[in-house]
Amino acid sequence: RKEVEQDPGPFNVPEGATVAFNCTYSNSASQSFFWYRQDCRKEPKLLMSVYSSGNEDGRFTAQLNRASQYISLLIRDSKLSDSATYLCVASPGGYQKVTFGTGTKLQVIP
Amino acid sequence: DTAVSQTPKYLVTQMGNDKSIKCEQNLGHDTMYWYKQDSKKFLKIMFSYNNKELIINETVPNRFSPKSPDKAHLNLHINSLELGDSAVYFCASSDTPTETQYFGPGTRLLVL
């Protein structure tokens with residue numbers, strides 16, 4: 001089993017739609033969680049951190065479920081510019097390695 | 001005022017050659033990383049340094065040797081290049097190992 005798993009997609013959604021991605025992690029010691037966004041042929045960039053109580057940043061909402069060991073990302077009112085690959089990240093903390101998921105590709109269609 | 005820079009951006013070379021990729025960050029971060037992203041887009045950590053000390057060394061062939069001359073630089077030297085080394089190599093940095101990572105633009109390596 002991969003340490004951090006995501007549905008690779010692609011998710012093809014119309015503009016204005018709401019779309020949700022899930023990500024599961026296998027290391028129960030994971031303490032910090034993030035969502036990164038990677039555009040085609042570009043480097044990954046932080047989209048948002050994921051906090052235990054869940055957090056929102058504009059159209060984006062992240063949730064953490066420690067009991068089931070998954071995190072989610074909800075995107076409301078999808079824009080064409082949201083088209084990208086979304087990478088889930090889990091970190092146990094300290095000097096242990098940060099693990100990136102395989103990414104979920106989103107294509108927002110006009 | 002690029003935060004994390006890498007050189008070169010593109011590298012095309014023959015099998016068996018030795019090549020180096022350089023990385024510099026001007027964010028004042030203590031931790032730096034090398035990642036490999038293969039054709040399936042999986043981003044896999046190779047090495048991590050904290051204050052010039054190696055803290056993560058994943059199962060990478062010993063043909064790959066990182067070197068951190070100071071906190072702001074982390075270079076990657078690859079000996080005897082193989083076809084399977086073709087990938088995009090990303091350098092990244094963070095304040096601490098658990099904080100947000102800032103990535104360089106990547107070096108696209110093609111081994112012929």
*Could you list, by residue number, the cysteines of the protein assembly as shown that have no other cysteine's beta carbon within less than 4.7 Å of their beta carbon?*
A:CYS40
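What relative contact order, as a whole-number percentage, does the range B:56-112 give when Cα pairs under 8 Å and 6 or more residues apart are counted?
After rounding, I find 28 percent.
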*Within a Cβ distance under 14 Å of B:ASP85, other residues only, what is the Lys/Arg minus Asp/Glu net charge?*
+2
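Note the direction-averaged projected area, equal to a quarter of the hull surface, for the Cα convex hull of chain A, in nm².
Over all viewing directions, chain A projects a mean Cα-hull area of 6.8 nm².
Averaged over all directions, how much area does the convex hull of the C-alpha atoms of the range A:22-82 cover when projected, in nm²?
4.8 nm²
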_Computed E for A:SER26/A:ASP57 - FRET, C-beta separation, R0 25 angstrom, nearest 0.05_ = 0.40
*Considering only DSSP states other than H, G, I, E and B, which GluC sites (Glu not before Pro) in the range A:1-46 qualify as loop sites with at most 16 other Cβ atoms within 10 Å?*
A:GLU3, A:GLU15
*Could you point to the residue in B:GLN14, B:ALA72, B:THR59 farthest towards the positive end of the range B:1-104's charge dipole, with +1 and -1 charges on the Cβ of Lys/Arg and Asp/Glu respectively?*
B:GLN14
*Between the DSSP loop rule and a limit of at most 11 other Cβ atoms within 10 Å, which trypsin sites (Lys or Arg not before Pro) in the range A:7-53 are left?*
A:ARG41
_Equivalent-ellipsoid semi-axes of the range B:1-75, from the Cα gyration tensor, Å, largest first_ = 21, 16, 13
*In whole angstrom, how far apart do the alpha carbon centroids of the range B:74-112 and the range A:37-54 sit?*
19 Å
*asked:* Quick check: at a probe of 1.4 Å, how many percent of the accessible area of the range A:1-89 sits on carbon and sulfur atoms?
replied: 46 percent
*Length-normalised contact order for the range A:19-110 - Cα pairs under 8 Å, 6+ apart - percent*: 32 percent
_Only protein chains counted, 1.4 angstrom probe. Which residues of the range A:25-39 are at least 20 Å² less accessible in the assembly than when their chain is isolated?_
A:PHE34, A:TYR36, A:GLN38
*Inter-label distance for B:LYS9 and A:TYR70, nm, one decimal - labels placed 7 Å from Cα along Cα-to-Cβ*: 4.0 nm
*In nm², what is the average projected area of the convex hull enclosing the Cα atoms of the range A:62-110?*
4.4 nm²
*Give the longest segment of chain B that steers clear of trypsin sites (Lys or Arg not before Pro) in DSSP loops with at most 13 neighbouring Cβ atoms within 10 Å, not counting the sites themselves.*
B:64-112
*Sum of side-chain charges, B:GLY106 neighbourhood, beta-carbon under 10 Å (Lys, Arg +1; Asp, Glu -1)*: +3
*Output the relative contact order of the range A:1-57, whole-number percent, from Cα pairs under 8 angstrom with separation of 6+ residues.*
26 percent
*Grab the eigenvalues of the alpha-carbon gyration tensor for the range B:24-112, scale each by 5, take roots, and send me the semi-axes largest first in whole angstrom.*
22, 14, 11
*Where does the Debye-calculated log10 I(q)/I(0) of the range B:32-78 sit at q = 0.14, 0.27, 0.29, 0.32 Å⁻¹, using only Cα point scatterers of equal weight, no solvent?*
-0.32, -1.03, -1.12, -1.24
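For the range B:16-88, which GluC sites (Glu not before Pro) pass both filters: DSSP loop (anything but H, G, I, E, B) and at most 16 other C-beta atoms within 10 Å?
Filter output for the range B:16-88: B:GLU58, B:GLU82.
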_Kirkwood Rh, Cα atoms: Rg over Rh of the protein assembly as shown_ = 0.98
_Tell me the accessible surface of A:ARG76 in square angstrom (1.4 angstrom probe, heavy atoms of protein chains only), to the nearest ten._
70 Å²
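The values are calculated or read from the model by the stated rules, or taken from the named source; none is laboratory data. As the structure is a computational prediction, the values presented were derived from the model and not from experiment. Positions of Cβ are backbone-derived with ideal geometry, glycine not excepted, and every protein chain shown enters the neighbour counts. Surface accessibility is based on the protein's heavy atoms, side chains included, excluding ligands, DNA and RNA. Shrake-Rupley method; radii C 1.70, N 1.55, O 1.52, S 1.80 Å.
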